[in-house]
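Each reported figure results from applying straightforward, stated rules to the coordinates on display, with no laboratory input. These numbers were taken from a predicted model, which means no experiment stands behind them. Cβ placement follows ideal geometry from the backbone for every residue including glycine, while neighbour counts extend to all protein chains displayed.
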Amino acid sequence: TMVYRRGQESMSASLAEQQWAQTNGVTVRYWAAPKELLCEGGAVRGMRFAATAVQGGRLVETGETFTLEADMVLKAIGQSYLSEYAGAEVALSQGRIATDADGRTSVPRVWAGGDCRAGGRDLTVEAVEHGKVAAVSIHEALRAA
């Protein structure tokens, strides 16, 4: 089960990725915020969530709660490119890192792939392929150095 604070249209995962997950056994619960990790005897047993809604342009809790049983909890936090932490100015395209076909960025010896890469779809299999192509390119760059 994947739980998201807002509605489907706000999720950063593409609609295709959301639908793929749902057709492959993932239940998606929208409009819920995590409130409490439930443990017993040192082991995770579930999570308590608060239902959410947008009121006056702000995300708020409605007062309703629910619990999902679980033996494992993974936290996904999303990503944003912050140039002040990169150490160099990487060229962007529509908010994502611009690369060539081999994953090279505008900064020498820096490659990128996956959904942070411009033109990248939000698919794990594509991110893996980007990594493989970049690895070959990195290998070639190191051999030439």
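Observations, loosely collected:
- Net charge in the neighbourhood of A91 (other residues with Cβ under 13 Å of its Cβ; Lys, Arg +1, Asp, Glu -1) is +1.
- Distances between placed amide hydrogens fall under 5 Å for S14 paired with D122, all partners being 5 or more residues away or on another chain.
- Shown in residue order for region 98-114 are the 3J(HN,Hα) couplings computed by the Karplus curve 6.51 cos²θ - 1.76 cosθ + 1.60 at θ = phi - 60°: 7, 9, 8, 5, 8, x, 5, 8, 6, 9, x, 6, 10, 10, 9, x, x Hz (x for Gly and Pro).
- Global form of the chain, assessed from the alpha-carbon gyration tensor, a/c cut-off 1.5: prolate
- Sum of -39500 (n - 2.57) over DSSP H runs of 4+, divided by residues of the chain (222 nm, nearest 500): -7000 deg cm²/dmol
- The C-alpha atoms of the chain define a longest principal axis, and helix 124-144 lies at about 30 degrees to it.
- Taking the Cα atoms of region 2-69, the ratio Rg/Rh between the radius of gyration and the Kirkwood radius comes to 1.03.
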